[in-house]
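Novice: Please see the structure below; I have some questions.
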Amino acid sequence: MIEPSFQPDPAALTVGVADGGVLSGVKDPSTDPAEHVLLQSSVARRGGRLPATTVDEAALFPLLRDAYNFGRWHSWRRTDKGSSNISWFVQTDAGEMVLRRSHNLKTVAGARFEFALIEHLRGHGYPAPPIQRTQDGAIYAEVQGVLHMVMGLLPGSAYDPGDPAQLELAARGLGRYHSIVSELTPAGEPNRSSGLAALGQLGQENLYAAVNVVLPLLSPHAAAQLTEDARYLGERMEQLNVGLGQRQKELRSLVIHGSYGQSAVLVDGHQLTGVLDFDRAAHDLLALDLAYALRSFCREGPIRPSGPSVNAGLGRAFLRHYRSQAPLGDADLAALPEAFQAQRLIVVAKKCQNLLTKQAITPRQSKDAHSFSLLLNRECTRVRWITHNPFPATEDA
């Protein structure tokens, strides 16, 4: 991340090289061998998010303005949403753009994968945002090791959860997405789910290591509660890693969106005009994508630690509209109850890894330990509830 003391230095900026034909102005990636090969590979990812630091916009924006060919950058404002990345709406001579500053987990390989995926989708008429190239023809600009990408602004308004017609648009949009990417299967043997892998030995080790970091900073009562919560979460990680892992050959894998929720779609009237947030896309289990979408679009009111994560009626409607665009196998449908659990546990695994990364830079304090213990207790409560009250995954669900 850019520190407040960062000064404008042209040498700090590099742009993505258009190499191997992958980034060389592909118009229709469905006909380009290099793009297709890229999309058959897994995304290279780093683990452990660094602590957030202040972004010096006055130093950053002149560098990015000079990297792109949009003329003057008149004004910019931060977007309201976004926990993984920082984004701005930027008004330029060439029109309004969206600038995204990626977090430290974003790799060059990940940026190339995202670009190839978006080009593939747009080649099929899917409303994904066009990535704007730099003056040198690259898809990103890198400042002090952080990747920045500029995208064209798509029309439409935010999703309205109170409009049943928009639920249909969202469900059909996910089905169409899965239908388009269904041809992008990994070459050779299917890769093991990266989501489930996060629940394996390393994920469990990170869970207990994170707990050991914060235990000395907690009261005896809080420490005992955290230990109990961690034991339950670790056991569920192992059970799902083994149980779903043994059934992976029965389950469908494809390039999942990774965060297809209410904040990722734009709607205008009776049309889905935009689908955003492809930075978490990767080859993984279709059931994980469906679980994420159902939890986002089919809940009633705010998410509670204890209580239904999905309204059954809304879930049935979502799946019915989804099936109008893409098939849904019995095995994938049957895996949804476990996918809901796995999704929450994957979040826990990431939070633990983030805590360990931050601990290596700045030792955790009592307030950090308290926040972490509350997080684990909340997720433990959620996982217990959805384990004992599974989503009714039947043909009529």
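The values are calculated or read from the model by the stated rules, or taken from the named source; none is laboratory data. Small disclaimer: the values here were computed from a predicted structure and weren't measured. Backbone-built Cβ (ideal geometry, glycine too); neighbour counts: all protein chains shown. Each accessible area value is taken on the protein alone, full model and side chains, heavy atoms only, with ligands, DNA and RNA left out. Shrake-Rupley method; radii C 1.70, N 1.55, O 1.52, S 1.80 Å.
Novice: On the accessible surface of region 241-397, probed at 1.4 Å, how many percent belong to carbon and sulfur atoms? Don't jump to the answer; show the numbers that get you there.
Specialist: Values: 3320 of 6670 Å².
Carbon-and-sulfur percentage of accessible area, whole number: 50.
Novice: So for region 311-397, considering every pair of alpha-carbon atoms, how many percent are separated by more than 20 Å? Let's see the in-between values first.
Specialist: On the way: 1896 of 3741 pairs.
For region 311-397, the share of Cα pairs beyond 20 Å comes to 51 percent.
Novice: Highest mean first, what order results for 275-281, 130-136 on Cβ atoms within 10 Å?
Specialist: Details: 275-281: 22.1, 130-136: 16.6.
With the highest mean Cβ count within 10 Å placed first, the list reads 275-281, 130-136.
Novice: How long are the semi-axes of the equivalent ellipsoid of region 52-104, taking √(5λ) for every eigenvalue λ of the Cα gyration tensor, in whole Å from largest down?
Specialist: Values: eigenvalues 75, 32, 17 Å².
Working from the Cα gyration tensor, I get semi-axes of 19, 13, 9 Å.
Novice: May I pose another question? Distance cut-off 25 Å, Cα to Cα: go down the list K249/K351; K106/K351; K249/K358 and report the pairs above it. Mind dumping the intermediate values first?
Specialist: Numbers: K249/K351 29 Å; K106/K351 17 Å; K249/K358 37 Å.
Over 25 Å apart, Cα to Cα: K249/K351; K249/K358.
Novice: Using a probe radius of 1.4 Å on heavy atoms only, what accessible surface per residue do you get for region 231-318? Whole Å² is fine.
Specialist: Numbers: 3470 Å² over 88 residues.
That works out to 39 Å² per residue.
Novice: Order the following by accessible area, largest value first: K106, K350. Probe radius 1.4 Å; ligands, DNA and RNA are ignored.
Specialist: Details: K106 25, K350 115 Å².
Descending order: K350, K106.
Novice: Could you run the Debye sum over the Cα atoms of region 218-376, one equal point scatterer each and no solvent, and tell me log10 of I(q)/I(0) at q = 0.10, 0.17, 0.18, 0.20 Å⁻¹, two decimals?
Specialist: Summing over Cα pairs of region 218-376 leads to -0.47, -1.17, -1.26, -1.41.
Novice: Turning to a different aspect of this structure: Which three extents, in angstrom, do the Cα atoms of region 77-118 have along their principal axes, listed largest first?
Specialist: 30, 23, 13
Novice: Can I ask one more? Using only the Cα atoms of region 78-211, what are the Rg and Dmax in Å?
Specialist: Just the Cα atoms of region 78-211 yield Rg and Dmax of 18.1, 52 Å.
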